[in-house]
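Engineer: I am attaching a structure below and will ask some questions about it afterwards.
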Amino acid sequence: MENFTFYSPTYFVFGKEEENNAGKYVKRFGGTKVLLHYGGGSVVRSGLLDRVKASLSAEHIPYVELGGVKPNPRSGLVYEGIELCRKEKVDFVLAIGGGSTIDSSKAIAAGTVYSGDFWDFYQGKLVEEALPIGIILTISAAGSEGSADSVITNENGMYKRGATGEALRPTFSILNPALTQTLPPFQTACGITDIMAHLFERYFTNTQEVEVTDRMIEGLLLTMIHEGPRVIEDPNNYEARANIMWAGMMGHNNSCGVGRIQDWASHDIEHELSALYDCAHGAGLAVVFPAWMTYVYKHDVMRFAKLAVRVWGCQMDFANPERTALEGISALRRFWKSLGMPSNFAELGAKEEDIPQMAHTACYGDGRTGTLGNFVKLHEEDVANIYRLMV
């Protein structure tokens, strides 16, 4: 196990109707003027936005609004939010939505107090200061409600890149599973896929003797396998949604990633797909991850075989562990397919002729130095080969 530090100060408020207390938590954590940041659509139609406004008004906290966040959130709205926060002297950002809204809120919070271009943080600069952020979660997926991370698409070149820094951890996150019950099955399945992908990025490591976090990851994956079909069958299953929501947070607040070198190549590979084709991030990951696994599993056959046995219930073939490893990958494909996830380029709307450009941009675009990942270092040719496995 590697040396590590871990600090996760977010105050979590979990349960039904807790969004009605948002104003109290903004006040508790020092907010005196709030930016309400959201997408639109269901947040408005469901009355959630109005309930949050009422909670702020009850605490005599003024607010300004910025809606319009889209999936794969864009830099243009971030710049608009930064300008608005500075003009209105906002000192707290409250995100109402899923990962896209939260990530956009984090970018605004960091950029508002920074003298340079906020995109510096998405090219490797550590975020050390930001406005405090609060969350009202409406989609179980990204885990951004508990993480120190944010992902934004730069419309100048359509680069999708991430930023990190402890200043981006939310001060509080309100998690009401009932708010996810109206999601379409596809969005729910994308969220489950995203949660599992965050766990896989941590599981596939070259660090030895990390049994505690191995078992934590395996347990959360088993939860997804159990709860995923239940919630697809019955969208109003509150208990299933509650387990998924908390697993999503646990999967990405890094409690499962401490003490081990993580990979993250598959996310970088997927970001090119969702930046270019605007596909759902979870849908892209459902296509990318089995291809990545197929390409790299021989690097550590026994780790893949262990996952197959412990999570998918495969029988260990000690004479041929490669067979067990491949059975596990096949089981993952079948599971995601059973939830309604795509399994190839065509289902994403992706084009084979774009592979060379995507592979090059993934490895070299926007200042990158040529390789992705840590479990296996991938070069441009490797990334292109992984894309070809998705066709």
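Engineer: Could you tell me which of the pairs LYS351/LYS377; LYS160/LYS351; LYS33/LYS160; LYS70/LYS125; LYS53/LYS106 are separated by over 22 angstrom between their Cα atoms in the structure shown? List each step's numbers first, then the result.
Structural biologist: Numbers: LYS351/LYS377 25 Å; LYS160/LYS351 18 Å; LYS33/LYS160 30 Å; LYS70/LYS125 25 Å; LYS53/LYS106 20 Å.
Violating the 22 Å limit, Cα to Cα: LYS351/LYS377; LYS33/LYS160; LYS70/LYS125.
Engineer: Using modelled backbone amide H atoms (1.01 Å from N, in-plane), which distant-in-sequence or interchain residues come within less than 5 Å of ASP317's amide H?
Structural biologist: Hits under the 5 Å cutoff: THR324.
Engineer: Enter the accessible area per residue of the chain (Å², integer; probe 1.4 Å; all protein chains in place).
Structural biologist: Counting only protein heavy atoms, the per-residue value for the chain is 40 Å².
Engineer: Can I ask one more? When only C-alpha pairs under 8 Å and at least 6 residues apart count, what is the relative contact order of the range 266-385, in percent? Numbers along the way, then the final one.
Structural biologist: On the way: 129 pairs, mean separation 30.4, N = 120.
Once divided by the residue count of the range 266-385, the mean separation gives 25 percent.
Engineer: Also, I was wondering about something else. Looking at the chain as a GNM with Cα springs under 10 Å, which of ILE96, ILE269, ILE61 has the largest mean-square fluctuation?
Structural biologist: For the chain, modelled as a Gaussian network with Cα springs under 10 Å, the answer is ILE61.
Engineer: Follow-up. Quick one: putting +1 on the C-beta of Lys and Arg, -1 on the C-beta of Asp and Glu, what dipole do you get for the chain around its Cα centre, in Debye to the nearest 20? Provide the component values of the computation, followed by the final result.
Structural biologist: Values: 35 positive and 47 negative charges, 139 e Å.
For the chain, the charge dipole is close to 660 debye.
Engineer: Among LYS24, LYS70, LYS87, which one shows the biggest mean-square fluctuation in a GNM of the chain, springs joining Cα atoms closer than 10 Å?
Structural biologist: It is LYS87.
Engineer: Once amide H atoms are built 1.01 Å from N in the peptide plane, which residues 5 or more positions from LYS160, or in another chain, come under 5 Å H to H?
Structural biologist: ASN154
Engineer: Order HIS379, HIS198 by their accessible area, 1.4 angstrom probe, all chains in place, largest first. Display every interim value, and only then the final one.
Structural biologist: Working: HIS379 100, HIS198 10 Å².
Most to least solvent-accessible, the answer reads HIS379, HIS198.
Engineer: Provide the FRET efficiency to the nearest 0.05 for the GLU381-GLU347 pair, computing r from the beta carbons and using R0 = 22 Å. Spell out each step's value before the answer.
Structural biologist: Numbers: r = 25 Å, r/R0 = 1.14.
Plugging the Cβ-Cβ distance into 1/(1 + (r/R0)^6) gives 0.30.
Engineer: Which of ASN156, THR171, GLY349 sits farthest toward the positive end of the charge dipole of the chain, with +1 on the Cβ of Lys and Arg and -1 on the Cβ of Asp and Glu?
Structural biologist: Ranked along the dipole, the leading option is THR171.
Engineer: Next question. Can you give the net charge of the other residues whose Cβ lies under 11 Å from the Cβ of GLY284, counting K and R as +1 and D and E as -1?
Structural biologist: Values: positive: LYS160; negative: ASP194, GLU270, GLU272, ASP278, GLU347.
Within the 11 Å Cβ shell, the charges total -4.
Engineer: With each run of n ≥ 4 DSSP H residues scored as -39500 (n - 2.57), what mean residue ellipticity at 222 nm is computed for the chain after dividing by its residue count and rounding to the nearest 500 deg cm²/dmol? It would help to have the intermediate numbers written out before the result.
Structural biologist: Working: 15 runs with 187 residues, N = 391.
My calculation for the chain gives -15000 deg cm²/dmol from helical runs alone.
Engineer: For the chain, set up a GNM with springs between Cα atoms under 10 Å and report which of MET249, MET316, MET224 has the largest fluctuation.
Structural biologist: Result for the chain, Cα springs under 10 Å: MET316 fluctuates most.
Engineer: Can you grab the distance from the C-alpha centre of the range 136-183 to the C-alpha centre of the range 34-66, Å, no decimals?
Structural biologist: About 18 Å separates the Cα centre of the range 136-183 from the one of the range 34-66.
Engineer: With +1 on the Cβ of every Lys and Arg and -1 on the Cβ of every Asp and Glu, and nothing else charged, how large is the dipole of the range 61-157 about its Cα centre, in debye rounded to the nearest 20?
Structural biologist: Working: 7 positive and 13 negative charges, 27 e Å.
For this selection, approximately 120 debye.
Engineer: Please list the helices of the chain that count as membrane-span-like by this rule: a mean Kyte-Doolittle hydropathy of at least -0.5 together with Cα atoms stretching 30 Å or more along the helix axis, each helix being a complete DSSP H run. Write out the running numbers ahead of the final one.
Structural biologist: On the way: long enough: 211-233 (34 Å, 0.16).
Both cut-offs are met by 211-233.
Engineer: For the range 178-319, what does the relative contact order come out to in percent, with C-alpha contacts under 8 Å and a separation of six or more? Could you put the intermediate results ahead of the total?
Structural biologist: Working: 136 pairs, mean separation 46.1, N = 142.
Reported relative contact order: 32 percent.
Engineer: Let me ask something else. Net charge within 9 Å of TYR7 by Cβ-Cβ distance, Lys/Arg positive one each and Asp/Glu negative one each, not counting TYR7 itself? Could you put the intermediate results ahead of the total?
Structural biologist: Working: positive: ARG169; negative: GLU166.
Its environment carries a net charge of 0.
Engineer: Right, next: If I model a spin label as a point 7 Å beyond the Cα along the Cα-Cβ vector, how far apart are those points for LYS298 and GLU128 in nm?
Structural biologist: For the pair LYS298/GLU128, the computed spacing is 4.6 nm.
Engineer: Then there's this: For the range 94-246, which whole percent of the accessible surface, found with a 1.4 angstrom probe, sits on carbon and sulfur atoms? Mind showing how you got there, number by number?
Structural biologist: Numbers: 2520 of 4920 Å².
Taking all protein chains in place, the range 94-246 shows 51 percent carbon and sulfur surface.
Engineer: Another question, then. Treating only the Cβ atoms of Lys and Arg (+1) and Asp and Glu (-1) as charged, compute the dipole magnitude of the range 1-84 about its Cα centre; round to the nearest 20 debye.
Structural biologist: Numbers: 10 positive and 9 negative charges, 34 e Å.
Result for the range 1-84 is approximately 160 debye, rounded to the nearest 20.
Engineer: Tally Lys and Arg at +1 and Asp and Glu at -1 over the other residues with C-beta under 11 Å from the C-beta of HIS37: what net charge comes out? Can you show the working numbers first?
Structural biologist: On the way: positive: LYS106; negative: GLU65, GLU80, ASP103.
Surrounding charge for HIS37 is -2.
Engineer: Taking H as built 1.01 Å from N, whose amide H comes closer than 5 Å to the amide H of PHE12, not counting residues under 5 places away?
Structural biologist: Those lying under 5 Å, H to H, from PHE12 are SER173.
Engineer: Follow-up. Among [x] 19.4; [y] 17.7; [z] 26.2, which is the computed mean projected area of the Cα convex hull in nm²?
Structural biologist: Here mean projected area of the Cα convex hull in nm² agrees with entry [y].
The values are calculated or read from the model by the stated rules, or taken from the named source; none is laboratory data. This is a predicted model, so every value here is computed, not measured. Virtual Cβ from ideal backbone geometry, glycine too; neighbours counted across all protein chains shown. Each accessible area value is taken on the protein alone, full model and side chains, heavy atoms only, with ligands, DNA and RNA left out. Shrake-Rupley method; radii C 1.70, N 1.55, O 1.52, S 1.80 Å.
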